[in-house]
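Only one structure is covered here, and it is reproduced in the block below.
The values are calculated or read from the model by the stated rules, or taken from the named source; none is laboratory data. Everything numeric in this text was worked out from a predicted model, so none of it was measured. Glycine also receives a Cβ, built like all others from the backbone with ideal geometry; neighbour counts cover every protein chain displayed. Side chains are part of the model used for accessible areas, which takes the heavy atoms of the whole protein and leaves out ligands, DNA and RNA. Shrake-Rupley method; radii C 1.70, N 1.55, O 1.52, S 1.80 Å.
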Amino acid sequence: MKTIHLFANWKMYLDFDESNILANALAAQAKKNSEQIKIAVFPSALALYPVGQVLKDVGLAVGAQNAYWVDKGGFTGEVSVNMFKEAGCEYALIGHSERRHIFNETNHEVRQKLEAALAVGLTPVICVGETAEERRADKTEEVVEIQLRSALDKLAVGADAKIFIAYEPVWAIGTGDACAPGEAERMHGKISKIVTALLPKVDCKILYGGSVRPANVADYLIGPLTDGVLIGHASAQLDSFSEIIKRAGELAKA
Ligand code: PEP
């Protein structure tokens, strides 16, 4: 029986009230969840604190969708890693493709966010993945390797550090065009090799993300190199997220 991680990226889909309503609904049904399933929710920065208060008593974690690396100062509009930590976060998404491609976040910035997150004790979820164009040019492995190396090479990490890598092909995010499970699993093997070579002592878990739905979640979770999934759209609706939690629970028991 493996532990399965279900990470819910609510992006900017839900406003304050909607986030709290969904968090309360998830909390109300949490006792039905399998103990093998670990759930973390990534709400908007504004909803994060109340959502975290609702979820912490039922064993669900919260995380930041993005965080700035400087502790405090004149950085209008930013929220720092330690502010998120203080608000109850356990995790931080780092380098989500929407940050990289809509907000032009660079590999260098990803590295700074990663170092800062680790320094305050947030568990980073580093997102990597190729665009459709890079895939067509047969550059998937090259792009993912560059993203991993720039994030992890010579990274100073404590002996008990934990990191997550989410393999999220950009063309599969929010499109309904999910990556074939066998292809995702093959990439997880490549990612695992690179991470182990760079950080041999670190506990690294690998997630798949990109159009995960109730109908396909089990196809990813059965992969031996897949520790869980990062879910966007389907995690922001009670019906579909509950169904994903249920299916993952059945699989964990099997
Ligand atoms: C994501 O944003 O990380 C994601 C995987 O989104 P979706 O599930 O909607 O493709």
**Message:** Suppose we keep only residues that are among the small types (Gly, Ala, Ser) and touching a residue at least 24 places away in the same chain (Cβ under 8 Å) within the stretch 121-155. Which one would you say is nearest to the ligand (Cβ to nearest atom)?
**Reply:** GLY129
**Request:** Examine the stretch 100-122 for a residue that is within 15 Å of the chain's Cα centre (by Cα) and not in a helix (DSSP H, G or I), and state whether such a residue exists.
**Result:** yes
**Message:** I need a count of the residues in the stretch 150-177 that are in contact with a Leu (Cβ under 7 Å, 6 or more places away or on another chain), open to solvent by 30 Å² or more (accessible area, probe 1.4 Å) and modelled with pLDDT of 95 or more.
**Reply:** 1
**Fill in**
Of the residues in the stretch 186-208, those that are touching a helix residue (DSSP H, G or I) at 6+ places or on another chain (Cβ under 8 Å) and either open to solvent by 30 Å² or more (accessible area, probe 1.4 Å) or outside any loop (DSSP other than H, G, I, E, B) (or both) number 9
**Residue list for the stretch 96-120, filter: within 25 Å of ARG186 (Cβ to Cβ) and within 16 Å of the ligand (Cβ to nearest atom)** = HIS96, SER97, GLU98, ARG100, HIS101, VAL110
**Message:** Quick check on LYS162: is it basic (Lys, Arg) and under 15 Å from the mean Cα position of the chain (by Cα)?
**Reply:** yes
**Asked** Hey, does the stretch 88-108 have a residue that's buried (at least 22 other Cβ atoms within 10 Å of the Cβ), in contact with a helix residue (DSSP H, G or I) (Cβ under 7 Å, 6 or more places away or on another chain) and on the phi > 0 side of the Ramachandran plot?
**Response** yes
**Asked** Given the conditions (1) more than 16 Å from the ligand (Cβ to nearest atom); (2) under 18 Å from HIS96 (Cα atoms), and given that GLY209 satisfies all but one, which numbered condition is not satisfied?
**Response** (1)
**Item:** Residues (under 17 Å from MET12 (Cα atoms), touching a helix residue (DSSP H, G or I) at 6+ places or on another chain (Cβ under 6 Å) and within 13 Å of the ligand (Cβ to nearest atom)) located in the stretch 212-241
**Value:** ALA234, SER235, PHE241
**Request:** Output yes when any residue across the stretch 236-250 is open to solvent by 10 Å² or more (accessible area, probe 1.4 Å) and within 19 Å of PRO124 (Cα to Cα), and no when none is.
**Result:** no
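Yes/no matrix, rows are residues, columns are (1) away from the ligand (no atom under 16 Å from the Cβ); (2) of a type in the set (A, V, I, L, M, F, W, C):
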{"site": "MET12", "(1), (2)": "no, yes"}
{"site": "LEU22", "(1), (2)": "no, yes"}
{"site": "GLY52", "(1), (2)": "yes, no"}
{"site": "LEU55", "(1), (2)": "yes, yes"}
{"site": "TYR68", "(1), (2)": "yes, no"}
**Filter result for ALA40 (closer than 30 Å to PRO224 by Cβ and in contact (Cβ under 8 Å) with a residue 40 or more places away in the chain)** = yes
